[in-house]
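Chemist: I'd like to ask some things about the structure below.
The values are calculated or read from the model by the stated rules, or taken from the named source; none is laboratory data. Since we're looking at a predicted model, the values are computed, not measured. Cβ placement follows ideal geometry from the backbone for every residue including glycine, while neighbour counts extend to all protein chains displayed.
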C-alpha cells in the first residue's frame with residue numbers, strides 16, 4: 001500500500017508530505033483547491049507522461065516521491081528482485097523529477113530507470129479509477145478489458161494477443177516468400193543452365209595458363225625448331241667453327257702455357273667449366289628437339305578449348321581466369337534460393353503450429369469469459385439497482401468474431417448491454433443510458449471489478465459525479481467496504497461519501513499577493529464534522545448542520 005507521498009514544486013504545491021494508512025481515505029475541499037493534484041502527482045511517479053507545465057512557476061524542477069509497502073505484493077517483490085532493484089524491509093520508493101524544460105527522470109529505490117519500468121511496477125501497486133472512466137465505458141474495448149480482468153484472464157488475453165501477432169507475422173512472411181518464389185523460379189532456371197555450362201567446361205586450377213602456354217608453343221613450332229637447331233649448330237656442329245671447337249682449342253693452348261705460368265690456372269678452370277656447360281646446354285636442346293612435336297591436331301584442340309573459355313567469359317562479362325569464382329558465386333545463389341524454398345515450407349509448418357496454438361489459447365479465453373460473463377452481469381446489476389436504478393439490468397454479451405480469423409482479442413466480441421427499465425430489451429450503453437445512468441453503471445462496474453483486483457491500493461477520483469441523495473450514501477458504504485479489504489483513496493464532493501472514510505484529508509488553497517499554494521490537512525473528528533457540514537451546504541455553520549454532519553459521520557473504527 002501507499003504509505004508516504006512527498007510533493008515538491010508541483011503545480012501550485014511548493015511542499016507537501018502525507019502519511020497514509022489502510023482503509024478508506026477521503027479527500028475533500030473547495031472546487032479549484034487542488035484535490036486532484038495529489039493524485040496527479042502520484043500518477044506521475046507511476047510513469048504517466050510529464051511536461052514542463054507540471055513544474056511550479058519559478059521553480060527549476062518538480063520532485064515527486066512515493067513510498068509503498070509491498071510486503072503483501074509478491075509479484076512486485078519478484079519484479080524488483082529480477083532487476084536487482086529490491087529495497088529494505090519490503091519497501092519501494094518511486095521518484096520522478098521533472099525539469100522546467102519538460103525533461104524527466106525516474107528512479108526506483110534510488111536507481112535510475114526508464115518510464116516504462118515505473119509504469120510496469122505502478123500497475124502492480126495502484127489501480128486508478130477516474131471520473132472520466134464512464135466515457136470509456138462506451139467503447140467495447142473497455143468492456144472486453146473489464147471482463148478479462150474480472151475473469152482473472154488478463155494474462156491469458158495477453159498470450160492470445162501475442163499468438164495472434166505471431167500468426168499474422170508468419171502469414172506475412174509466407175506471403176512475401178511466395179511472391180519471391182515466382183521471381184526466383186525463373187532465376188532458378190537461368191542459374192541451373194549457367195551452372196550446367198560451367199560444369200561442362202570444368203575449368204581446372206592453372207589450366208588456363210597451361211593452355212595459353214601450350215598454344216603459344218604450338219603456334220610458333222617452326223620458329224622454335226629453327227632457333228634451337230641454329231643454337232646447336234653454333235655451339236657444336238658448325239663446320240666453320242663452333243663454340244665447343246673454340247673452347248677445345250683454347251684449352252689446348254692454355255695447357256701449353258699452364259706449365260710455366262701457374263697464375264693462369266683459374267682462367268683454365270673457367271674455360272673447362274664453360275666447355276662442360278656448353279656441352280650440357282647442347283644436350284638439353286637436343287633432347288628438347290627429340291621430344292618436341294609440332295602437332296596440328298593438338299594445336300586445334302587447344303585453340304577450340306580456349307575459344308570456349310573466352311566465349312563463356314565474354315557471356316558473363318568477366319575475365320577468363322574469374323570463371324571459377326563466378327561458378328562458386330552462382331552455386332551460392334542457387335543454394336540460397338533452394339534454402340528460401342525450404343524456408344517457405346518451414347514457414348508453412350510454423351504457421352500451422354501457430355494457428356493451433358492460437359486456437360487453444362483463444363478457446364481457453366472463451367471458456368473463461370463465458371464463465372465470468374454471467375457472474376459479472378449479475379454483480380453489476382445488483383450494484384446499479386442499489387445505486388438508484390431499481391429496474392436496471394446489465395447483460396454481458398459475447399458474439400462470435402467472424403471478421404478476423406486471428407483476432408488479437410480472441411474468438412468473440414464483448415459488449416455490455418443495459419436495460420434501464422423493467423420490460424425493456426437490453427441495448428448498447430450508448431443508445432440507452434443517460435449521463436447519470438452511465439455514471440451509476442460505471443461506478444457499479446468499477447466497484448465490482450475492484451473487488452477482484454489483486455492491486456492493494458485503489459484510487460477513485462470523483463467517480464461519484466452525477467450521484468446524490470440516498471444513492472450517495474450507498475456509494476460511500478461500497479467504497480468503505482473496499483477500504484476494509486485494503487487501501488482506498490477517494491476524491492469526492494459528496495458529504496455522504498466523505499462521512500464514510502476511515503481518514504479524511506482536507507485540501508485548501510492559501511493565497512498571498514505574490515503566490516498561491518495548496519495545503520492538505522489531516523482532519524481530526526471535529527475537523528471532519530465541520531468539513532462534512534460545509535459540504536452539506538450553507539455558508540454559516542449552524543448547530544443544525546453540525547448535528548446533521550455528526551449523524552452522517554461514521555466512526556473510523
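Chemist: Would you be able to tell me the number of residues in the stretch 529-557 that are without any contact (Cβ under 8 Å) to a residue 12 or more places away in the chain, surrounded by fewer than 16 Cβ atoms within 10 Å (Cβ to Cβ) and closer than 26 Å to residue 23 by Cβ?
Modeler: 4
Chemist: Give the residue, chosen from 403, 407, that is out of contact with any strand residue (DSSP E or B) (no Cβ under 8 Å at 6 or more places or on another chain), free of Cβ contacts under 8 Å to residues at least 12 places away in the same chain and in a loop (DSSP other than H, G, I, E, B). Spell out how you get there, then give the answer.
Modeler: Details: 407 fails: free of Cβ contacts under 8 Å to residues at least 12 places away in the same chain.
Residue meeting the stated conditions: 403.
Chemist: Taking only the stretch 450-487 into account, find how many residues are out of contact with any helix residue (DSSP H, G or I) (no Cβ under 7 Å at 6 or more places or on another chain), assigned to a helix (DSSP H, G or I) and farther than 25 Å from residue 3 by Cα.
Modeler: 3
Chemist: Another question, then. Output the residues belonging to the stretch 128-148 that are surrounded by fewer than 20 Cβ atoms within 10 Å (Cβ to Cβ) and either farther than 20 Å from residue 7 by Cα or modelled with pLDDT of 85 or more (or both).
Modeler: Of everything in the stretch 128-148, those that are surrounded by fewer than 20 Cβ atoms within 10 Å (Cβ to Cβ) and either farther than 20 Å from residue 7 by Cα or modelled with pLDDT of 85 or more (or both) turn out to be 130, 131, 132, 133, 135, 136, 138, 139, 140, 141, 142, 145.
Chemist: With respect to residue 94, determine if the residue is surrounded by 17 or more Cβ atoms within 10 Å (Cβ to Cβ), in contact with a helix residue (DSSP H, G or I) (Cβ under 6 Å, 6 or more places away or on another chain) and either farther than 22 Å from residue 453 by Cα or modelled with pLDDT of 90 or more (or both).
Modeler: yes
Chemist: Looking at the structure I just gave you, is residue 447 out of contact with any strand residue (DSSP E or B) (no Cβ under 8 Å at 6 or more places or on another chain), within 19 Å of residue 533 (Cα to Cα), in contact (Cβ under 8 Å) with a residue 60 or more places away in the chain and assigned to a helix (DSSP H, G or I)?
Modeler: Answer is no for this residue.
Chemist: So, of the residues in the stretch 348-392 that are loosely packed, with under 13 Cβ neighbours inside 10 Å and closer than 30 Å to residue 467 by Cβ, which turns out to be nearest to the chain's Cα centre (by Cα)?
Modeler: Step by step, filter the stretch 348-392, then rank; the result is 374.
Chemist: While we're looking at this one, here's another question. Those residues that are free of Cβ contacts under 8 Å to residues at least 60 places away in the same chain, closer than 17 Å to residue 520 by Cβ and not in a loop (DSSP other than H, G, I, E, B), I need them from the stretch 45-62; list them, please.
Modeler: Within the stretch 45-62, just 62 meets the criteria.
Chemist: Across the stretch 65-83, what is the total count of residues that are in contact (Cβ under 8 Å) with a residue 12 or more places away in the chain and either more than 30 Å from residue 55 (Cβ to Cβ) or under 25 Å from the mean Cα position of the chain (by Cα) (or both)?
Modeler: Count: 9.
Chemist: Determine whether residue 526 is under 30 Å from residue 151 (Cα atoms) and without any contact (Cβ under 8 Å) to a residue 40 or more places away in the chain.
Modeler: In short, no.
Chemist: Filter the stretch 108-127 down to the residues that are part of a strand (DSSP E or B) and under 25 Å from residue 488 (Cα atoms), then identify the one that is modelled with the highest pLDDT.
Modeler: If we take residues in the stretch 108-127 being part of a strand (DSSP E or B) and under 25 Å from residue 488 (Cα atoms), then 108 is modelled with the highest pLDDT.
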